[in-house]
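Please read the structure below before turning to the comments.
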Amino acid sequence: MGKITVENIDIELVRKRIKNIHLTVYPPDGRVRLAVPQHMDDEAARNFALSKLTWITKQRKKYTTQERQTIREFVTGESHYYSGKKYILRVIETIGKQHVELRDNKYIDLYLRPGSTVEKREKLLSEWYRRNLKEIIPSYIEKWEKIIGVRVNEFGVKQMKTRWGTCNIRDKRIWINLELAKKAPRCLEYIVVHEMVHFLEKHHNKVFKDYMSEFLPAWKSIQNELNGISLQK
Ligand SMILES: [Zn+2]
């Protein structure tokens with residue numbers, strides 16, 4: 001893997017057996033990757049990147065502003081996402097049961113003991129995210145078991161740093177990233193389908209992609225939504 005620099009932006013350069021050029025900007029830090037056909041030299045790759053500089057800069061800016069928002073203190077007024085929608089957090093002190101409520105399609109209300117710590121507030125919200133996912137995922141599994149023709153023995157939700165989902169093909173088990181609770185339902189459904197399709201094909205090869213296109217024609221754009229913004233030329 002090589003590297004080129006365009007206007008002070010470092011770009012990873014990858015040569016692959018592909019016909020088209022793929023330019024991708026990844027969250028959370030705006031890393032840029034350029035995949036080009038094997039015969040293309042550095043100069044041509046640099047010229048291509050240069051011609052897309054406005055686009056690259058715009059995408060990177062989007063991530064750096066998002067990144068600033070990810071340092072969370074779980075205090076009233078902060079914005080947090082649920083199911084692809086932005087909500088305003090409100091911390092409400094209670095001596096009753098500690099819980100989370102969605103209010104007026106606008107607020108996520110955290111009911112907590114007076115003087116709760118950041119960790120406690122974060123944990124309450126995470127547990128709520130987890131419960132919601134655990135409630136929603138079975139309906140997707142049931143729907144897609146019929147369409148794909150595979151069975152899921154068990155599913156789980158866990159916090160993962162680098163992947164949206166993972167699976168154990170032999171045990172027919174899938175794991176879904178807790179972070180998907182914040183994303184639009186189509187993203188969650190895509191990851192469930194993706195992991196289930198692995199029961200038919202282990203690798204991300206053409207067979208796998210053909211299955212995905214058959215079952216979920218829009219999978220590629222959802223993948224981009226989750227993993228970065230891609231430009232194909
Ligand atoms: Zn996969």
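The values are calculated or read from the model by the stated rules, or taken from the named source; none is laboratory data. Quick caveat, the model's predicted, so the values are computed rather than measured. Cβ sites come from the backbone with ideal geometry, for glycine too, and all protein chains shown count toward neighbours.
Among the residues of region 25-41, what is the count of those that are among the charged types (D, E, K, R) and either in the same structural domain as Arg163 (by TED's automatic domain parsing) or surrounded by fewer than 13 Cβ atoms within 10 Å (Cβ to Cβ) (or both)? Before the answer, list the steps.
Let us first name the residues in region 25-41 that are among the charged types (D, E, K, R), namely 29, 31, 33, 41.
Restricting the remaining residues to those that are either in the same structural domain as Arg163 (by TED's automatic domain parsing) or surrounded by fewer than 13 Cβ atoms within 10 Å (Cβ to Cβ) (or both) gives 29, 41.
The total comes to 2.
Given the structure, is Ala218 out of contact with any strand residue (DSSP E or B) (no Cβ under 6 Å at 6 or more places or on another chain), of a type in the set (Gly, Ala, Ser) and surrounded by fewer than 17 Cβ atoms within 10 Å (Cβ to Cβ)? Steps first, answer last, please.
Values: out of contact with any strand residue (DSSP E or B) (no Cβ under 6 Å at 6 or more places or on another chain): yes; of a type in the set (Gly, Ala, Ser): yes; surrounded by fewer than 17 Cβ atoms within 10 Å (Cβ to Cβ): yes.
Criteria met by Ala218.
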Legend entry - Residue check for Pro185: without any contact (Cβ under 8 Å) to a residue 24 or more places away in the chain and away from the ligand (no atom under 16 Å from the Cβ): no
Legend entry - Hits in region 90-107 - residues which are within 14 Å of Lys120 (Cβ to Cβ) and of a type in the set (A, V, I, L, M): Val91, Ile92, Val100
Inset, instruction - Pull up region 159-216, narrow it to residues that are hydroxyl-bearing (Ser, Thr, Tyr) and closer than 25 Å to Asp29 by Cβ, then point me to the one that is farthest from the chain's Cα centre (by Cα). - result: Thr166
Inset, instruction - Count, please, the residues in region 78-94 that happen to be modelled with pLDDT under 95 and among the hydrophobic types (A, V, I, L, M, F, W, C). - result: 0
Legend entry - Odd one out for Leu200 among (1) aliphatic (A, V, I, L, M); (2) surrounded by fewer than 18 Cβ atoms within 10 Å (Cβ to Cβ); (3) at pLDDT below 95: (3)
Inset, instruction - Just one of (1) modelled with pLDDT of 90 or more; (2) over 30 Å from Tyr129 (Cβ atoms); (3) exposed (fewer than 11 other Cβ atoms within 10 Å of the Cβ) trips up His22, so point out which. - result: (3)
Inset, instruction - Out of Arg90, Arg60, Arg46, Arg33, report the one residue that is over 30 Å from Trp128 (Cβ atoms), part of a strand (DSSP E or B) and among the charged types (D, E, K, R). - result: Arg33
Legend entry - Scan of region 192-217 for residues that are more than 12 Å from the ligand (Cβ to nearest atom), in a helix (DSSP H, G or I) and either not assigned by TED's automatic domain parsing to the domain that holds Ile174 or not β-branched (Val, Ile, Thr) (or both), ordered by number: Lys206, Asp210, Ser213, Glu214, Phe215
